[in-house]
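Here the structure comes first, spelled out in structure tokens, and everything after it is commentary.
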Amino acid sequence: MKQLQSMNRLLLGPGPSAVHPDVLKAMATPLVGHLDPYFFEVMNGTREMLRTVFGTKNELTIPMSGTGSAGMETVFVNLIEPGDKVIVCVNGVFGERMKDVAERCGASVVEVTAPWGQPIDPDEIRKALEKNGQVKLVAIVQAETSTGVRQPLKEVSEIVHEHGALFAVDSVTALGGIPVDVDENGIDACYSGTQKCLSAPPGLSPVTMSDDAVQAIRKRKTKVQSWYLDLGMIANYWGEDRFYHHTAPISMVFALHEALRILLNEGLENVYKRHEDNGKLLQQELQSAGFELLAAEGYRLPQLTAFRLPQGLDDIRLRRELLNLYGIEVGGGLGPLKGQIWRVGLMGHSSNLANVRLFMGALQDILN
Ligand code: PLP
């Protein structure tokens, strides 16, 4: 068997993004045990920094073991009991995934949809809440990675709370790229992933739950369906009791700790501005070069840009050329957009001016 190679790729896809060299270094920190007092210190620091990035004071704020989908499952398996009514907003692949997960938990799911590329209309959520009686939870994706749409949250949150439901938000691609502001936006349950704008490798899913969400979990009549993702048990390990639940992925926690430290050292406002500036520039340059952006104007994410491929261009061949000639990875379309769009990520450590210029230059070159 050959030794692994260092491939020197420029990760400009929908995730994973480039990992900061100091984060890679942190992963090589010699292991300590998951019940070592030093690791407890690192855990506490990680939780504190996660609260700052999420914009919350929530006590229950922890990185779950597993990728973003584990965070998604954590929210649904802990908050939903069979028969609960749930509204899931679907305008892309990750809304569809939430619906699937909610159904697997036995929820009775009502879908609120918008065309892919458009945000969800808060009035449609209001109508669904008025029509469907006692709804337990409304779930929405803040940054829909399959389309590049940014979903405004505040109005949706107000409508959801007026109707006495809990508000759950997927911030996998949002966190560390645009403000999530969990407390200000009245979010009850929020999950993310480490491999997008936090610029750590995939493997942890930060989750935060409001007091109302914690109460809802306490009031369950049935056991949480998943032993591994049962927040009641895991909180006893991440909290003061330090009860062993499962062996924490130590090196990944080291990585997340370092990634958060780097992000907060730069400053949240500076990080958001960097994403905003580079995203805008890429979108302007693409439009000037004649490409059509998929996401509706006013609802475009700076960290993920989807644009239509002109008809007749061979998606797979061109992406292979971009990778082989320039080492640049971008994403293709998912589901109904397969073969029709490219998705370019400027996430975390990948979001810089040089990468915008490199991508635009390489794109022009392979198209000529
Ligand atoms: N939600 C969104 C918005 C995502 O972009 C992704 C991954 O791309 C996920 C959920 C699932 O995360 P993961 O692939 O890390 O399990």
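The values are calculated or read from the model by the stated rules, or taken from the named source; none is laboratory data. On a predicted model such as this, the values are computed, not experimentally measured, just so you know. Here Cβ is always computed from backbone atoms with ideal geometry, including for glycine, and neighbour counts include all displayed protein chains.
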| task | Name the helices (runs of 4 or more DSSP H) wholly inside region 207-288 in which the number of residues that are more than 30 Å from residue 360 (Cβ to Cβ) is 3 or more. | result | 211-218, 231-238, 250-266
| What are the pairs, 6+ residues apart or on separate chains, where a residue within region 40-69 that is touching a residue at least 60 places away in the same chain (Cβ under 8 Å) and among the polar types (S, T, N, Q) has its Cβ under 6 Å from a residue that is within 16 Å of the ligand (Cβ to nearest atom) and not in a loop (DSSP other than H, G, I, E, B)? | 46/256; 56/208; 58/208; 61/208
| request: Working carefully through the options 76, 94, find the one that is within 12 Å of the ligand (Cβ to nearest atom), modelled with pLDDT of 95 or more and either hydroxyl-bearing (Ser, Thr, Tyr) or surrounded by 19 or more Cβ atoms within 10 Å (Cβ to Cβ) (or both). | output: 94
| query | So which residues in region 19-50 are more than 16 Å from the ligand (Cβ to nearest atom), among the hydrophobic types (A, V, I, L, M, F, W, C) and closer than 30 Å to residue 306 by Cα? | reply | 23, 24, 50
| Which residue pairs have Cβ atoms under 8 Å apart, sit 6 or more places apart or on different chains, and have a first residue in region 94-117 that is of a type in the set (Asp, Glu) and a second that is away from the ligand (no atom under 16 Å from the Cβ)? | 103/109; 111/87
| field | Scope region 295-347; condition surrounded by 14 or more Cβ atoms within 10 Å (Cβ to Cβ), of a type in the set (S, T, N, Q) and outside any strand (DSSP E or B); matching residues | value | 303, 340
| Considering residues of region 27-59 that are crowded, with 22+ Cβ neighbours inside 10 Å and of a type in the set (A, V, I, L, M) only, the residue farthest from residue 203 (Cα to Cα) | 53
| query | Taking interchain pairs and intrachain pairs at least six residues apart, which have beta carbon atoms under 9 angstrom, with the first residue in region 340-368 and more than 28 Å from residue 267 (Cβ to Cβ) and the second of a type in the set (D, E, K, R) and crowded, with 18+ Cβ neighbours inside 10 Å? | reply | 342/319
| Does region 152-160 include one or more residues that are within 23 Å of residue 194 (Cα to Cα), in a helix (DSSP H, G or I) and either modelled with pLDDT of 95 or more or away from the ligand (no atom under 16 Å from the Cβ) (or both)? | no
| query | Here are some conditions: (1) part of a helix (DSSP H, G or I); (2) charged (D, E, K, R); (3) in contact with a helix residue (DSSP H, G or I) (Cβ under 8 Å, 6 or more places away or on another chain). Residue 57 meets all but one. Which one does it not meet? | reply | (1)
| message | Among the residues of region 317-368, what is the count of those that are within 20 Å of the chain's Cα centre (by Cα) and of a type in the set (Lys, Arg)? | response | 1
| field | Number of the exception - residue 138 against (1) away from the ligand (no atom under 16 Å from the Cβ); (2) surrounded by fewer than 22 Cβ atoms within 10 Å (Cβ to Cβ); (3) in contact (Cβ under 8 Å) with a residue 12 or more places away in the chain | value | (2)
| task | Considering (1) part of a loop (DSSP other than H, G, I, E, B); (2) among the charged types (D, E, K, R); (3) under 21 Å from residue 59 (Cα atoms), say which one residue 196 fails and leave the rest. | result | (3)
| query | Pick from 178, 187: which is of a type in the set (Val, Ile, Thr), surrounded by fewer than 24 Cβ atoms within 10 Å (Cβ to Cβ) and either under 17 Å from residue 259 (Cα atoms) or modelled with pLDDT of 95 or more (or both)? | reply | 178
| Residue check for residue 109: more than 16 Å from the ligand (Cβ to nearest atom), hydrophobic (A, V, I, L, M, F, W, C) and surrounded by 23 or more Cβ atoms within 10 Å (Cβ to Cβ) | no
| said: Please verify whether residue 172 is surrounded by 15 or more Cβ atoms within 10 Å (Cβ to Cβ), in contact (Cβ under 8 Å) with a residue 60 or more places away in the chain, under 28 Å from residue 269 (Cα atoms) and of a type in the set (A, V, I, L, M, F, W, C), treating the condition exactly as stated. | reply: yes
